[in-house]
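Structure, as structure tokens:
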Amino acid sequence: MNKPVVFTNVANSWSALSKWTDDYILRVIGDHKVDVNMCTFGKMSDITKMSFAEYYRNSLAQWPDIKPETLNQNLPYLRNFDCFGEFPAFGDDVRSQELFKPDIHNMIVRGAFIGAKNTATHFHKDTGDNVVAVIRGKKLVVLVPPAEESNLTRDPLNISVGENDSGAPLESHPSLARVNNAFVTTLDVGDALFIPIGWNHYVKNLDFTVSVSCWGKDINPDKQHY
Ligand SMILES: O=C(O)CCC(=O)C(=O)O
């Protein structure tokens, strides 16, 4: 399948939804050091290490010590955190891997994205099919089909789109000015979005959000499924 699909409420039965309380997450991960992107709207390479507990508590509190005028440039974001590899106790709490067929996707990679309201990930495309599932919070996702990739203008310093932004409508956003068919959706707790390989996507957290991305890859390049 090469079209995005929203699976509403698909994750409602996963134990993560009830089990991953602040107390539980902080107890399991605690002061483990994590790599955090310090400039959501700047260079993706600006990474700093901090304790998970410090990161998580500040994200919940919307980073009270960062000055509001620099908040959008400096909002830290913990992306693709290997919580399943580092903390096997989380392993079965999320079941998005079961949405993939092992004969097509013979390698599964999972990572958590945990961020304050307004944290975002620039337009990019993945190296596998992806299911993004929301465990807590709400996400805005903008998808651009492969046929429109050359119409996308990548402007990492000016990517803010959607709710609560400067008010510019999506169509007039500089990155999308030449795109004819962008798809926009919001994902609530329990929802999951299938993003096919090759589709560029921009993702923004509309609240403090915990989500899990699950990539299904085909590591035999001779097989063609798409
Ligand atoms: O949740 C995010 O901020 C980004 C997720 C994403 O882009 C992905 O899983 O490829």
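We did not get these values from a lab; they are worked out from the coordinates using the rules stated. This structure is a prediction, so every number in the text was calculated from the model and none was measured. When we count neighbours, we look across all protein chains shown, and the Cβ atoms used for this are built from the backbone with ideal geometry, even at glycine.
With each label point set 7 Å from Cα along the Cα-Cβ vector, what nm distance links Val28 and Asn74?
3.2 nm
Return, for the Cα atoms of the stretch 1-154, the radius of gyration and Dmax in Å, separated by a comma.
My reading of the Cα-based Rg and Dmax gives 16.6, 50 Å.
Can you give the local net charge around Glu149? Use residues other than it whose beta-carbon is closer than 14 angstrom to its beta-carbon, Lys and Arg +1, Asp and Glu -1.
Taking every other residue near Glu149 into account, the sum is +1.
Find how much the distance from Asn220 to Lys67 grows on full extension, using 0.36 nm per residue of separation minus their present alpha carbon separation; answer in nm with one decimal.
50.2 nm
Can you sort Lys138, Lys67, Lys19 from fewest to most other Cβ atoms within 10 Å of each residue's own Cβ?
In increasing order of surrounding Cβ atoms, one gets Lys67, Lys19, Lys138.
Starting from the Cα-Cα distance between Asn181 and Lys3, subtract it from 0.36 nm times their residue separation and give me the gain in nm to one decimal.
The span from Asn181 to Lys3 would gain 62.8 nm if fully extended.
Starting at 0 and stepping by 10 Å, how many percent of the alpha carbon pairs of the stretch 86-141 end up in each bin?
In whole percents, the pair-distance histogram is 16, 47, 34, 3.
Taking the beta-carbon count within 10 Å as an exposure proxy, list Arg178, Arg136 from fewest neighbours to most.
So the ranking, lowest neighbour count to highest, is Arg178, Arg136.
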